[in-house]
Each structure stands twice: as structure tokens, then as C-alpha cells.
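The structure under discussion appears below in the form of C-alpha cells.
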Amino acid sequence: MEQVRYINLFTSFFKIGTFTIGGGYAMIPLMEEIIVDKRHWLEKEEFVDVMSISQAMPGVFAVNMATNIGYKLKGVRGAVVAVAGNILAPVLIILLLAVFFRTFRENQVAEAVFKGLRPAVVALIAAPVFNMAKTARISWKNVWIPVLSALLIWLLGVSPVVVILAAGVSGFVYGKLAVGKEGGGQ
């Protein structure tokens, strides 16, 4: 594991914030590459755990990720440094876009660029799903759980909170039953 220095924490999250197009979930591949693969600050399983916690927290996913990773690595100061790095570039970009929005609003080239970016953003969001499935040990035996969860949210409009709570309770009950079967046969 590389030693975590505040300047490295800031620049890593600044890079993530600068080159993430499409929002919080689109940043996952770049964040994983930097935090897990390049810097070795977290193991892949820890990264997935932080993603789960960050998604369950209220607020912006990207900021929650930066906060949780920064805190895990360097405490409260680390959280502040990571969040500052993560939001600085997007805030500056948004300010620039706001200043020049009227100019770009009717520009066909800018509109075409944004239309071209949309499919890439979908791919950036889809790629971590497959990586998370692998890390979470999703197999053909249990693939129905995330599929059913997604369908409940997407097609039936079930609140993600309800799905998360139901999954947690179901996992707890399943764990108790599995332990009960193992312990009862001895």
C-alpha cells in the first residue's frame, strides 16, 4: 500500500472529478483504477464496501465516495481534502458553462458533442456493474437477486430504500438459516 499523502489524495480526487463525465456512477471505473489499482490505498473488496455505504448515504454519490475514502485513509482531514479535490474541477466547469451557456445553447457542434457523449456515459456506468458483480461473487445461482431488484425499481417504481432494506433483512434471515442448518447437523 502506497503511503497516503494529502497532496496525493487531493490530486487523485481532482483527477477523478475533472475527468468524470456523466455523474457519480460514471466515476467508478476511474476511481477504482486510481484508488485500488494504481495507488493500492484500498483492496477491491474494501472499495465495493465503500461504494455500498456511499450509495446508502444521503447526498451526492461522488462526494460520499470521496468523503468515505478520504476518511478511511486519513481521518476527517483526509475526507475534507478528498472532497475538495473531487468537487473543485466540476464546480469550476459548471461556472464556466453557466457563463457561456447562452452561447452554447444554440450551437449545433456542442449539441452533437453532448449527444455523442451519452452512449459513452452509459458504458462508463455499466462497466462497474460487471466489476462489482464479480467482486460480490454474483453467480448463476444468485444473479436473480440483482436482476429482480433492478426490475422492481425500474419497472414497478419500488423505492431503492425498500429494496435495500428487504435485501438486508433477507440476507440476515438467510444467514441465520444457513448457520442454523450447519450447527444443527453436528
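The values are calculated or read from the model by the stated rules, or taken from the named source; none is laboratory data. Because the structure is predicted, anything quoted here is derived from the model rather than measured. Cβ: placed from backbone, ideal geometry, glycine included. Neighbour counts: every protein chain shown.
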Could you figure out which of (1) in a helix (DSSP H, G or I); (2) closer than 30 Å to Glu43 by Cβ isn't true of Pro119?
(2)
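Scan the stretch 5-57 residue by residue and report those that are in a loop (DSSP other than H, G, I, E, B) and surrounded by fewer than 16 Cβ atoms within 10 Å (Cβ to Cβ).
Residues of the stretch 5-57 in a loop (DSSP other than H, G, I, E, B): 5, 20-23, 39-43, 57.
Scanning the stretch 5-57 gives Arg5, Ile21, Gly22, Gly23, His40, Glu43, Met57.
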For the stretch 76-89, does any single residue satisfy the condition of being under 12 Å from the mean Cα position of the chain (by Cα), in a helix (DSSP H, G or I) and within 29 Å of Pro160 (Cα to Cα)?
no
How about the stretch 113-129: which of its residues are free of Cβ contacts under 8 Å to residues at least 60 places away in the same chain and closer than 17 Å to Val50 by Cα?
Val129
Residue satisfying all of: in the stretch 70-103; modelled with pLDDT of 95 or more and of a type in the set (D, E, K, R); surrounded by the fewest Cβ atoms within 10 Å (Cβ to Cβ) among these:
Arg77
How many residues are at pLDDT 90 or above and under 12 Å from the mean Cα position of the chain (by Cα) when one looks only at the stretch 17-27?
0
